[in-house]
Amino acid sequence: MGIHCPQCDSANVQALHLILDAGTTHHSGNWSGYVAGADANGGTGGFLSGSVETTSKTGLAREVENFIYKGCPENSNNLHGLIWTGILAAVTWGSISMLMEFLHPKQKCDYTGRCITEDFPFFALMLGELPFFLIAIYLLQKLKKWVAVRNNYNKEYPKWLEAANYKYLNYFLCKKCGSFFDKNDAEDFNSSEN
Ligand SMILES: [Zn+2]
């Protein structure tokens, strides 16, 4: 017997990968996502995450895609922002140090040619270096978060991909009540009814 929806017992159901195949028009492009009906080796019926080619989808295919994609872990963005902030901080710090050296030279020579060396007053040191320390603390916090997000992504992504692949291959959509279900559950459900 065919597969029936476990919610409403309708037989008007369709496999998700078929909906995606039918509702997805393939174009070449740099769209980050998955492509239905083609795996990395050019075969069919696979689920692929990465940059692939697809630009237009029907509303139904979009809905199915959202269902399959649900729970995809967030990845860390690249470190460009952090690196630029670090460079900016270093340049700022250097500029302030130079400015302080200019305004308040360590070596002071009087008209007789006698020179004395004088350290920066403590408050001036703090004033000059406080922004640098604040930025360094900020960058360290950011970096810590970045590492945590990336570690989580590396840990969760394979599980998510497996689950998404499973949904792609095994889940059905009921076109009557709109629920998604696992065909394996539906078979259990239907056989227990009979
Ligand atoms: Zn249903």
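Since every read-out is calculated from the coordinates, none of them should be taken as a lab result. Fair warning: this is a prediction, and the values are worked out from it, not measured in the lab.
Between C72 and F132, residue separation times 0.36 nm minus the direct Cα-Cα distance comes to 17.9 nm. Taking a threshold of 28 Å on the Cα-Cα distance, which of the pairs K70/K183; K144/K167; K145/K183 fall above it? Checking Cα-Cα distances, K144/K167; K145/K183 exceed 28 Å. Per residue, the average separation of C-alpha pairs within less than 8 Å and at least 6 apart gives segment 80-151 a relative contact order of 40 percent. Express in whole angstrom the spacing between the alpha-carbon centres of segment 72-116 and segment 127-172. If we compute the Cα centre of each part, the gap is 30 Å. Let me know the whole percent of all Cα-Cα pairs from segment 80-151 that are separated by more than 16 Å. Roughly 60 percent, rounded to a whole number.
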